[in-house]
1. Residues of the range 183-199 being open to solvent by less than 20 Å² (accessible area, probe 1.4 Å), in contact with an Asp or Glu (Cβ under 6 Å, 6 or more places away or on another chain) and either at pLDDT 95 or above or not hydroxyl-bearing (Ser, Thr, Tyr) (or both), which ones?
2. Is there any pair linking a residue in the range 90-105 that is closer than 30 Å to TYR778 by Cα to one that is open to solvent by less than 80 Å² (accessible area, probe 1.4 Å) and assigned to a helix (DSSP H, G or I), with Cβ under 6 Å and at least six apart or on different chains, and which?
3. State whether the residues of the range 225-243 include one that is at pLDDT below 90 and among the hydroxyl-bearing types (Ser, Thr, Tyr).
4. Output yes when any residue across the range 365-386 is within 23 Å of LEU510 (Cα to Cα) and modelled with pLDDT under 75, and no when none is.
5. Just checking, how many residues over the range 600-615 are out of contact with any Phe, Trp or Tyr (no Cβ under 6 Å at 6 or more places or on another chain) and either over 14 Å from SER658 (Cα atoms) or among the β-branched types (Val, Ile, Thr) (or both)?
6. Could you grab me the full set of residues in the range 506-549 that are within 34 Å of the chain's Cα centre (by Cα) and more than 18 Å from LEU378 (Cα to Cα)?
7. List the strands (runs of 3 or more DSSP E) that sit entirely inside the range 233-322 and contain at least 3 residues that are over 28 Å from SER363 (Cβ atoms).
8. Give me the pairs: first residue in the range 307-329 and closer than 16 Å to LEU270 by Cα, second residue assigned to a loop (DSSP other than H, G, I, E, B) and not small (Gly, Ala, Ser), beta-carbon distance under 6 Å, and six or more apart or on different chains, which are they?
Amino acid sequence: MSFDFLYKTELMLLIPLAIFVLMGLRKKASKKHLFFHALVAFLLILALAAPYSAEITSPKTNQSRITIISDESTSMELLQKGIPENISEKLNSKVPITVTTISGSHTSLGDTIIQQASPDNYVLAVSDGQSNSGTSIEDALSYCYKNNFPVAGLIPPTLKEDLSLEIEGENELVIDNEAFFNLNIRKSTENKMSYQVRVTVDNQQVMEKEITQTGRLESINLNYTFKTLGPHTVKATLHPASISVKSLDYFENNNQYMKCVYVTPKPKVLFVTNEPDSPLANILNKVYDVHSARSYDSLEGIDAVIIDNQAASTISNSEVEALRKYIINGGGLIVVGGDASFDYPAQNTYQNTKFEEVLPVISKPSSWRGGRNIVLMLDVSPSTLQSNNIGGRVLDDILSNAIVLLESSLLKDARVDVITFGSKGQDITNGFVDMSKESNRLWLGSEISKINPSGDSTSLEQGLLTARRLLETQNRSAEAEVVIVSDGGIGNIGGGDNRFERAVNCAASLHESGIGIHFVHIHAPKTDSREVTPNGKYYTEILMENINLPKNYNRIEPGQRVNVSFSEKQEESKNKEENYSSGSLTIYDPKHFITRDISEINHDLLGYNEVTPKPEANRLVITRLGKPVITVWRLGLGRVAAITTDNGYSHGIPWASSLYSGNDSLIVTRTLNWAVADTETSENIQLKVPDLKVNQPGRILITTKKGGAPELYFDKKRMEITPIGNSMYESYVTPEAFGLHKISEKPVSVNQGKNKPETFGVDNVSWRPASANCPDEYTYIGENPLFRTALLENGGKIYTPGDIYSRITTDSLTSTEKKAMTKVAYAKYILVLAFLIYLIYTVYHTYKTRMK
């Protein structure tokens, strides 16, 4: 409650009243007479100021209101129809129901959920979960959970079979360089289906394959080398058996996919080496226009510089300065190791040299301190708000121990994701964070300190499910750990509740898949049946015993700090050192361009240079012992990569001969291509053209060497071009038909026939290809499995057409609080009081005067 005046300026009248009282006292007037008159005047002034009080109340109301989001977009034609109408018809007499519809060839399911959600509105999404526009499903459901907006889902059964096709791969390629494509064939059900896939390049067939598919996704690799410059088309088509029968393949427009690629000349690279016949040199000669030199003075027209195993003494400070300027202005640099670079020879290393300043690594050994993917699970259920009997809350001990764990030197090289769990698991870091960077440690500690309790119970199972999902997105060859910090209230609440058993099964499944689990139990002063069994044993201890990890259980008292050790026993650590001493490799950052879609590197290294990544650098490939092998960073506008093993050739035993051959060589080729970055630097107009979708806007990025926006046409229509930076522009185009389209400086017609690369001059660009395929609504078909997972992880319920009528009426009953402000005015009461005081005093004074 708050107290205030409506007219505060009227209170200024109290000043002359105070002066009047002081003058009366000085003239020795009757104090009693003066007091009552002053009191009445004071009350009248207060009444003029209109005092009032305001109180905010939150009355609770129990009500049930359901909004059904009926997804009637194109992809829903494959699923059972009529479910939203049936629900509305059968339940409308019991519960107020509103139906809102999504339709068309684009699905903005996430946006619609956010628009309809509120604390007193139970949202039911009847959908396949395929959302291809606006806010993602995961973000929308996370937003609703954080704001206590109830959302549930019903996924109708998929009744109709359909196939869709998509080609993944780069849109810009280098001539005479093997290109890698993936053909992704999606199926709406898991029923067995046979079909034929054909692939053509520039109308010439390059693949024909018979496929029998039962799963939802089939991926086929296609490798092809383009021998001519300019635009080319890669087209794939599906030919299901009895394609004319709708029940076997419902949509026909998603049975073909066209990708347009633009082939450029080989980039020019400067190669500085003492071994021109090495496996590295062989790769370079295949992919690039290689220029050998011993000097770095003339770098004009060079796309990248590759320095192979050169001693620090061979690179002068003036040459380093020329390289620095070259990189800052957009050039690329790759430095390859060996017995004469980085930490070799001992008397002439790169350490503390000018050359080392441009590199992403320091030439000293990197100590192995982790290298794991760790999920830190923090209990934020309401029970953590109880006192810890030392002046704080149990939650304070949970959060402070989490920060202590993050500061451990064991996690210095780890990647950490922090999630909270109450009634569900919530990712607060939105992905794994590299703990080798001090800025990330400080940010993560700050985020943890802001955590507040959420949910109405403790569901360890939901937290473990979220941890599993996060770890499955990472490279599985890396070590993985889950650390749980909780007050221990993970037991069953009452009869029929089996949440503890489900948590044990989930934890056992994680452990069986090779994920380590540690439990830090903050022993709360007050325990109840959720923490201790009737036999007096802690549920947390039973959990860790059941999954055969009793040594990973730590119970500490409030105020104490935990010391979790991830290291093995001494003999196990020694065995591991011996097993990995050959240099087995693992992908450390799977999201980078260089490592994307590369799950593993099959062959081992026999040697490497000992280096330490700089704080701003990205380590991409490491040995199992944590030694960096490929490390990159950005310097100005340019890119620098350090490959800290040799070139595959040596006067003695080569360290990395296998890294430059077979499938493993892709990681080296990707590193070289990343450093080169832009293969169109010689052209006046550079375009970045993605695969376009019919009737969907597609973004074209444009860079020019000339001043001012260029004039370009999409087919025969002039493009609207908007500046976004220095010599950089963007334009959005919307194709209206499937197939080949052209971006040109003059209006040209579309040519669906064979391209003529010889007429396409690289130095005088006349047109660029752009392919348009069916909308995403036809590509991603059937039930989206992530929809079901996202609902469960964000506290939502999932219904079936059979059980919804018996459950949703009770589930949708919500208890809401609506804030209301109540104002109470006091002016009339003060006036009545002033009148009564004046009346009583006047009567009293008159009576007393007459008596005298």
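The values are calculated or read from the model by the stated rules, or taken from the named source; none is laboratory data. Bear in mind that the values here come from a model prediction, so they are computed numbers and not experimental data. Quick reminder, even Gly has a Cβ in these numbers, built from the backbone with ideal geometry, and neighbours come from all protein chains shown. Just the protein is used for accessible areas: all its heavy atoms, side chains included, with ligands, DNA and RNA removed. Shrake-Rupley method; radii C 1.70, N 1.55, O 1.52, S 1.80 Å.
1. ASN184, ILE185, listed by residue number.
2. VAL99/PRO84; VAL99/SER88; ILE102/THR112; SER105/THR74; SER105/GLU777
3. yes
4. First pass over the range 365-386, keeping only residues within 23 Å of LEU510 (Cα to Cα): 370-381.
Pick out the ones that are also modelled with pLDDT under 75 and you get 370-371.
Within the range 365-386, one or more residues are within 23 Å of LEU510 (Cα to Cα) and modelled with pLDDT under 75.
5. Let us first name the residues in the range 600-615 that are out of contact with any Phe, Trp or Tyr (no Cβ under 6 Å at 6 or more places or on another chain), namely 600-604, 608, 610, 612-615.
Retained after the next criterion (residues that are either over 14 Å from SER658 (Cα atoms) or among the β-branched types (Val, Ile, Thr) (or both)): 601, 610, 612-615.
Count: 6.
6. Across the range 506-549, the qualifying residues are ALA508, SER509, HIS511, GLU512, SER513, GLY514, ASN546, ILE547, ASN548, LEU549.
7. On the way: elements: 256-264, 268-272, 289-292, 304-308.
Answer list for the range 233-322: 256-264.
8. Filtered contacts from the range 307-329: ASP308/THR273; ASP308/ASN647; GLU319/TYR296; VAL320/LYS354; ALA322/TYR296; LEU323/TYR296; TYR326/LEU299.
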